[in-house]
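First up is the structure itself, then whatever we jot down about it.
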Amino acid sequence: MSHRLANLFHGRPRLQVGALLAGPVGWLVVGYLGSLALLLIASLWSVNAVSGELVKNLSFENFETLLNEPVYRTIVVRTVAIAALVTVTDAIVAFPIAFYMAKVARSRGKAILVVAVLIPLWSSYLVKVLSWRNMLSGGGLIDWILEPIGLSGPGYGNTAVWLVMSYLWLPYMILPIFAGLERIPNSLISASEDLGASPFTTFRRVILPLTFPAVVAGSIFTFALTLGDYITPKLVSNNQFIGNVVFNNISSNLPFAAALALVPIVVMIGYLLVARKLGAFEHI
Amino acid sequence: MRLSKRSRILLRVAVGVGLAFIYIPLFVLAVYAFNSSKILEWPPPGLTFEWFPKAIESTAKDAFWTSIKVGLVATAIALLLGTLASLAVARHRFFGRETISFLVVLPIALPGIVTGVALNNTFTQVLGIDLSLFTVIVAHATFCIVVVYNNSIARLRRMSSSFEEASADLGANTWQTFRHVTLPNMRSALGAGGLLAFGLSFDEIIVTTFTIGAGEQTLPYWIYSNLFRAQQRPIVNAVAVIVVLISILPVYLAYRLTREEGGLAAARGGGHERIEGGGVETEATAVP
Amino acid sequence: MKTRHANPARTAWLIVAGLLATMLLFAGCGSSSSGGGGGGEELKKLGKGEGQVNLISWAGYVEPPWVKPFEQKTGCKVNNKVAGTSDEMVSLMRTGAYDGVSASGNATARLFEGGDVAPVNVSLVPNYKTVFADLKGQPYNTFDGKPYGIPHGRGANLLMWNSNEVKPAPKSWNVTLDPKVASKNKGKISQYDDPMSIAEGAVYLKAHDPELGIEDPYELNEEQFEAAVQLLKEQRPLVGEYWSEAEKQISSFASGDIHVGTTWQYQYFALKEEGKPVAASPASQGFLPEEGATGWSDTWMISSEAEHPNCMYMWMNWIIEPQANAEVAEYFGEAPAQEKACEHTENPNFCSEYHAEEPAFWKRVYYWKTPLADCGNGSEDCKDYNDWVQAWTSIKG
């Protein structure tokens with residue numbers, strides 16, 4: 001039986017491709033993209049305020065509301081700004097660690113470091129956020145540490161969201177950069193030094209350009225994960241982010257939630273296209 | 001690479017600060033898991049082990065097993081679909097090939113809430129089916145595919161297709177070639193991808209919230225429900241610590257699996273000298 | 001480098017795209033909503049229990065002291081999901097996976113209109129006869145002339161404060177709503193995270209800005225609505241947290257992050273039990289600040305898709321069983337729905353302290369209600385729930 005099937009595929013590359021792709025593409029395109037498209041359509045509908053029934057008349061009123069009410073602009077700007085900030089912060093914090101892991105550590109140290117970086121990924125996201133919430137509360141760890149210097153912690157708010165998100169997504173930035181750095185043969189670096197470059201110049205003109213795609217790959221995750229999160233803003237701030245408003249509106253006003261959800265979709269698709277051009281997809 | 005002494009020291013400090021940043025909240029969490037009082041104050045008044053047995057006996061146990069079930073099935077589906085897709089892309093040329101990578105990344109690049117709402121809408125409004133563990137598994141598999149796909153494709157690209165051609169020349173049909181030549185060489189990449197996919201599914205909360213049925217709970221969902229209950233908080237902390245400890249093994253395994261090929265080269269060459277252009281595998285680090 | 005002759009892969013993609021388009025067309029045309037205005041039939045006869053019942057309730061409504069005897073007596077195992085806001089309750093009910101819900105007035109109309117709840121056959125609920133008369137036949141639990149639920153109890157939203165930090169003891173909502181007074185507690189105010197908070201602003205303005213002519217804090221015309229929204233926007237910078245989980249607010253008060261805010265009796269008594277220095281308006285004032293307060297009169301409603309209707313009816317009867325309702329009321333700290341419960345409370349003066357038998361008292365408590373465009377006095381220009389939700393998003397910023 002398996003012979004017959006195998007012979008059917010032999011020499012017929014197109015059939016092979018078709019069979020291979022039927023499952024994954026079917027699932028992703030029909031199931032996932034289809035769901036996204038349905039959401040897009042839902043954003044053109046509206047809802048009866050009291051009964052919750054969907055009113056399936058096409059109109060742009062949800063998008064009009066999004067554009068006209070200033071609060072939504074504020075929320076989108078806030079979300080995107082913090083996502084960008086988190087990305088930059090993580091890139092800066094991750095690079096030394098990744099560099100040490102890739103180029104300086106010996107094999108056993110490297111193994112330990114990789115495991116050490118991966119373990120927080122496996123600790124529950126929720127518990128990490130809760131831990132930060134405790135640390136940031138009045139009288140928590142951060143206040144306790146800063147008290148002798150006379151400062152107090154940031155408390156809850158945008159700063160807290162930035163801190164916690166930078167913390168949560170850091171491993172997602174470290175790993176691609178680490179992988180990217182490993183791929184740079186040491187001989188390239190030696191050559192640069194032999195040609196008389198200082199370590200800083202080598203870093204700036206050899207290492208950085210070569211790892212840039214990896215950094216972009218990492219940034220896809222830090223940016224995307226921040227853009228859609230609603231749990232962290234809810235737990236460590238009072239401010240609304242895109243995710244919060246979508247979440248709050250899902251049951252009472254799905255079309256409006258769908259309309260707002262289109263914003264991160266559009267942003268991320270744009271981001272992904274740019275990232276692909278920059279070669280980041282080789283590094284995910 | 002030759003670094004000046006000062007640079008070395010600065011680098012070590014930066015790494016130290018980074019690691020401290022990563023581990024202090026986990027440390028705080030661990031301390032609270034041993035906290036003898038239910039009230040959160042720092043520093044905690046006393047230490048006790050009592051929360052751990054309570055954690056093991058509590059409803060967290062059911063949630064834990066549900067998470068394991070969901071993770072295993074979702075990973076299996078992701079392994080299947082991810083491998084199939086990677087085989088197609090790595091070994092063939094066809095219309096729309098570049099789009100596949102893009103497509104596969106979407107479920108994980110788009111915010112969880114978007115994926116969750118979209119799938120929820122499709123399940124409940126369009127298909128009219130009830131939410132249940134099945135819907136959760138479908139959702140998890142969707143964003144786990146990319147993890148397997150990336151690991152697998154990286155491996156396939158570096159594995160020259162001449163092996164498969166030789167196998168065909170020797171008379172093996174496509175299935176035999178796959179089973180005896182391709183698959184064994186991909187094992188470690190699939191293993192790493194599978195472990196990472198499992199980890200992703202195990203800790204997922206946002207998409208799960210939108211696709212889970214009324215009576216079910218995965219572990220993150222359980223944690224979220226108990227997050228603010230003062231009585232439960234020490235138990236939640238204990239559960240979290242247990243999960244972290246249990247996960248050290250799979251993490252280490254994932255790391256070792258991808259070091260398999262490069263293991264010899266690294267051992268032979270010592271820490272710093274490395275074979276140009278290849279050598280040490282880096283897929284395990286691809287997309288947690 | 002595209003070849004001119006037919007490309008099977010491209011054909012395949014086109015087929016997939018075609019499938020997608022067809023599917024979307026189907027989805028667009030299909031209608032999956034249930035008819036408006038009441039759904040399901042009322043139960044005709046009470047049968048045997050189905051072995052379990054799935055409930056959605058407010059924190060503190062479904063607790064072991066009265067759940068355990070119920071389970072033993074009827075064999076119906078109780079699975080309870082605690083929700084923090086009426087929005088949550090409505091969305092959970094719409095999934096059809098639950099048998100019943102303890103709905104407040106800002107959910108009942110929506111559940112009725114959405115066809116998610118069925119009328120209640122009160123002849124199958126013997127204890128209903130002795131429920132307080134002013135809880136029967138009310139606009140929030142009666143639709144189309146039929147009873148749609150069984151009253152659970154009622155209460156007012158409390159103003160709670162930390163007695164060590166907030167002095168002198170506040171007598172009015174100005175401590176959270178008047179920017180001049182509230183700024184003394186900047187960053188330490190806790191406000192309920194729900195559009196119903198706009199009604200709190202309206203209650204405050206009803207007393208302090210009579211020119212606006214606010215009668216019912218849920219029926220607001222443009223001018224009145226804008227005034228209430230403006231009040232809450234001015235409150236925004238002073239708010240320390242917007243709470244929707246009762247437990248979250250308890251932990252905030254306990255840790256000292258929050259000093260004053262709107263709360264429910266559940267949190268108040270939980271904090272007192274932990275020995276925290278909290279206080280609320282005194283019983284002599286009826287637990288109400290000067291202006292009165294918003295509140296709730298909750299109703300147990302049965303789902304139109306209930307899988308365990310018999311157990312649900314048994315639950316609805318049990319919850320207004322005199323002994324059980326007394327326990328319920330005393331545990332939470334609200335006025336019972338059952339007249340006879342007053343004879344069973346541990347504190348013999350409970351009912352009089354909580355004004356359970358004084359309809360006049362409840363005129364100063366404005367039960368949560370679904371804002372509708374229909375103002376009830378002939379005009380149709382009141383703000384409806386969608387406006388309230390949008391405004392609340394704008395307020396939080």
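Could you grab the pairs with beta carbons closer than 8 Å, sequence gap of 6+ or different chains, first residue in segment C:244-266 and more than 8 Å from chain B (Cβ to nearest Cβ) and more than 16 Å from A:Leu136 (Cα to Cα), second one among the basic types (Lys, Arg) and surrounded by fewer than 22 Cβ atoms within 10 Å (Cβ to Cβ)?
From segment C:244-266, no pairs qualify.
For the condition surrounded by fewer than 21 Cβ atoms within 10 Å (Cβ to Cβ), basic (Lys, Arg) and in a loop (DSSP other than H, G, I, E, B), what is the one hit in C:Lys171, C:Lys180?
Details: C:Lys180 fails: in a loop (DSSP other than H, G, I, E, B).
Being surrounded by fewer than 21 Cβ atoms within 10 Å (Cβ to Cβ), basic (Lys, Arg) and in a loop (DSSP other than H, G, I, E, B) holds for just one of C:Lys171, C:Lys180, which is C:Lys171.
Of all residues in segment A:7-31, which are more than 21 Å from B:Val136 (Cβ to Cβ) and among the small types (Gly, Ala, Ser)?
Scanning segment A:7-31 gives A:Gly11, A:Gly18, A:Ala19, A:Ala22.
Hey, does segment C:268-289 have a residue that's touching a Gly at 6+ places or on another chain (Cβ under 8 Å) and among the small types (Gly, Ala, Ser)?
Of all residues in segment C:268-289, those touching a Gly at 6+ places or on another chain (Cβ under 8 Å) come to C:268-269.
Narrowing further to those that are among the small types (Gly, Ala, Ser): none.
No, that holds for no residue.
Can you name every one of the helices (runs of 4 or more DSSP H) wholly within segment B:138-216 that holds 1 or more residues which are closer than 21 Å to B:Val70 by Cβ and of a type in the set (Phe, Trp, Tyr)? Walk me through how you get there before you give the answer.
Numbers: elements: B:162-169, B:174-177, B:183-203, B:206-211.
Those helices (runs of 4 or more DSSP H) span B:183-203, B:206-211.
Just need a number here: residues in segment B:85-118 that are of a type in the set (Val, Ile, Thr) and free of Cβ contacts under 8 Å to residues at least 40 places away in the same chain.
So the count comes out to 3.
Given the conditions (1) touching a Ser or Thr at 6+ places or on another chain (Cβ under 7 Å); (2) more than 18 Å from A:Gly23 (Cβ to Cβ); (3) more than 7 Å from chain A (Cβ to nearest Cβ), report the number of the one that B:Thr122 does not fulfil.
(3)
Is segment A:266-278 home to any residue that is in a loop (DSSP other than H, G, I, E, B) and buried (at least 24 other Cβ atoms within 10 Å of the Cβ)?
In the first step, residues of segment A:266-278 are kept if they are in a loop (DSSP other than H, G, I, E, B); the result is A:278.
Narrowing the set further to residues that are buried (at least 24 other Cβ atoms within 10 Å of the Cβ) leaves none.
Looking for residues that are in a loop (DSSP other than H, G, I, E, B) and buried (at least 24 other Cβ atoms within 10 Å of the Cβ), one finds none in segment A:266-278, hence no.
Exactly one of (1) modelled with pLDDT under 85; (2) more than 10 Å from chain A (Cβ to nearest Cβ) is unmet by B:Thr208. Its number?
(1)
Only one of these is within 12 Å of another protein chain (Cβ to nearest Cβ), more than 19 Å from B:Leu119 (Cα to Cα) and in contact with a Leu (Cβ under 9 Å, 6 or more places away or on another chain): B:Ala214, B:Ala238, B:Ala192. Name it. Outline the logic, then answer.
Numbers: B:Ala214 fails: more than 19 Å from B:Leu119 (Cα to Cα); B:Ala238 fails: in contact with a Leu (Cβ under 9 Å, 6 or more places away or on another chain).
Only one candidate qualifies: B:Ala192.
For segment C:183-193, give me the residue count where each residue is more than 16 Å from C:Gly397 (Cβ to Cβ) and crowded, with 22+ Cβ neighbours inside 10 Å.
Residues meeting the conditions: 3.
Evaluate the following for C:Ser255: is it surrounded by fewer than 20 Cβ atoms within 10 Å (Cβ to Cβ), at pLDDT below 90 and more than 21 Å from C:Trp368 (Cβ to Cβ)?
Numbers: surrounded by fewer than 20 Cβ atoms within 10 Å (Cβ to Cβ): yes; at pLDDT below 90: yes; more than 21 Å from C:Trp368 (Cβ to Cβ): yes.
Taking the combined requirement at face value, the residue satisfies it.
If B:Gly213 satisfies all but one of (1) in contact with a Gly (Cβ under 6 Å, 6 or more places away or on another chain); (2) closer than 26 Å to A:Leu130 by Cβ, what's the number of the condition it fails?
Checking B:Gly213 against (1) in contact with a Gly (Cβ under 6 Å, 6 or more places away or on another chain); (2) closer than 26 Å to A:Leu130 by Cβ, the one that fails is (1).
Identify, from the list C:Tyr354, C:Tyr313, C:Tyr367, the residue that is farther than 27 Å from C:Glu71 by Cα, buried (at least 23 other Cβ atoms within 10 Å of the Cβ) and not hydrophobic (A, V, I, L, M, F, W, C).
C:Tyr354 is the lone residue from the list that is farther than 27 Å from C:Glu71 by Cα, buried (at least 23 other Cβ atoms within 10 Å of the Cβ) and not hydrophobic (A, V, I, L, M, F, W, C).
Enumerate the helices (runs of 4 or more DSSP H) found wholly within segment C:33-132, keeping only those where 1 or more residues are among the aromatic types (Phe, Trp, Tyr) and more than 14 Å from chain A (Cβ to nearest Cβ).
Working: elements: C:64-74, C:86-94, C:105-113.
Here the list reads C:64-74.
Scan segment A:234-242 and give yes if some residue there is surrounded by fewer than 24 Cβ atoms within 10 Å (Cβ to Cβ), under 15 Å from the mean Cα position of the chain (by Cα), within 30 Å of A:Val55 (Cβ to Cβ) and more than 9 Å from chain B (Cβ to nearest Cβ), otherwise no.
Checking segment A:234-242: not a single residue is surrounded by fewer than 24 Cβ atoms within 10 Å (Cβ to Cβ), under 15 Å from the mean Cα position of the chain (by Cα), within 30 Å of A:Val55 (Cβ to Cβ) and more than 9 Å from chain B (Cβ to nearest Cβ).
If I ask for residues that are more than 20 Å from A:Arg276 (Cα to Cα) and more than 7 Å from chain A (Cβ to nearest Cβ), which ones from segment B:83-107 would you list?
Passing the criteria: B:Thr83, B:Arg91.
Filtering segment B:48-82 down to residues that are hydroxyl-bearing (Ser, Thr, Tyr) and outside any helix (DSSP H, G or I), which residue is nearest to the other protein chains (Cβ to nearest Cβ)? Quick ask: steps written out before the conclusion?
Filtering segment B:48-82 for residues hydroxyl-bearing (Ser, Thr, Tyr) gives B:48, B:58-59, B:66-67, B:75.
Within this subset, residues satisfying the condition of being outside any helix (DSSP H, G or I) are B:48, B:58-59.
Details: B:Thr48: 18, B:Ser58: 15, B:Thr59: 12 Å.
Step by step, filter segment B:48-82, then rank; the result is B:Thr59.
I'd like to check something: does segment C:148-157 contain any residue that is among the polar types (S, T, N, Q) and more than 14 Å from chain A (Cβ to nearest Cβ)? Walk me through it before giving the result.
Residues of segment C:148-157 that are among the polar types (S, T, N, Q), as a first pass: C:157.
Going one step further and asking which of them are more than 14 Å from chain A (Cβ to nearest Cβ), we end up with C:157.
There is at least one residue in segment C:148-157 that is among the polar types (S, T, N, Q) and more than 14 Å from chain A (Cβ to nearest Cβ).
Go through segment A:52-71 and report how many residues are at pLDDT below 85 and surrounded by 21 or more Cβ atoms within 10 Å (Cβ to Cβ).
1
Restricted to segment C:174-231, and to residues that are among the β-branched types (Val, Ile, Thr) and free of Cβ contacts under 8 Å to residues at least 40 places away in the same chain, which residue is nearest to C:Thr294 (Cα to Cα)? Steps first, answer last, please.
Residues of segment C:174-231 among the β-branched types (Val, Ile, Thr): C:175-176, C:181, C:189, C:198, C:203, C:214, C:229.
Keeping just the survivors that are free of Cβ contacts under 8 Å to residues at least 40 places away in the same chain gives C:181, C:214.
Working: C:Val181: 20, C:Ile214: 14 Å.
Here the residue is C:Ile214.
Residues that are hydrophobic (A, V, I, L, M, F, W, C) and within 14 Å of chain C (Cβ to nearest Cβ): which helices (runs of 4 or more DSSP H) entirely in segment A:25-128 hold 1 or more of them?
On the way: elements: A:34-42, A:61-68, A:70-99, A:107-122.
Result: A:34-42, A:61-68, A:70-99.
Please give the helices (runs of 4 or more DSSP H) falling wholly within segment A:129-207 in which 3 or more residues are not polar (S, T, N, Q). Lay out the reasoning, then the answer.
Numbers: elements: A:141-146, A:158-182, A:186-194, A:199-202.
Passing ranges, in order: A:141-146, A:158-182, A:186-194.
Determine whether segment C:124-136 contains at least one residue that is under 24 Å from C:Cys76 (Cα atoms), among the polar types (S, T, N, Q) and out of contact with any helix residue (DSSP H, G or I) (no Cβ under 6 Å at 6 or more places or on another chain).
No: segment C:124-136 contains no residue that is under 24 Å from C:Cys76 (Cα atoms), among the polar types (S, T, N, Q) and out of contact with any helix residue (DSSP H, G or I) (no Cβ under 6 Å at 6 or more places or on another chain).
Look at A:Ala22 and say whether it is more than 9 Å from every other protein chain (Cβ to nearest Cβ), of a type in the set (A, V, I, L, M, F, W, C), part of a helix (DSSP H, G or I) and within 28 Å of B:Ser101 (Cα to Cα). Spell out how you get there, then give the answer.
Numbers: more than 9 Å from every other protein chain (Cβ to nearest Cβ): no; of a type in the set (A, V, I, L, M, F, W, C): yes; part of a helix (DSSP H, G or I): yes; within 28 Å of B:Ser101 (Cα to Cα): yes.
Here the answer is no, as A:Ala22 does not meet what is asked.
Could you check how many residues of segment A:93-119 are closer than 15 Å to A:Met165 by Cα and surrounded by fewer than 20 Cβ atoms within 10 Å (Cβ to Cβ)? Quick ask: steps written out before the conclusion?
Start the filter on segment A:93-119 by keeping residues that are closer than 15 Å to A:Met165 by Cα, which leaves A:93-94.
Then keep just the ones that are surrounded by fewer than 20 Cβ atoms within 10 Å (Cβ to Cβ); that gives none.
Looking only at that region, the number is 0.
The values are calculated or read from the model by the stated rules, or taken from the named source; none is laboratory data. Remember, it's a predicted structure, so these values are computed and weren't measured experimentally. Neighbour counts run over all protein chains shown; Cβ positions are idealised from the backbone, glycine included.
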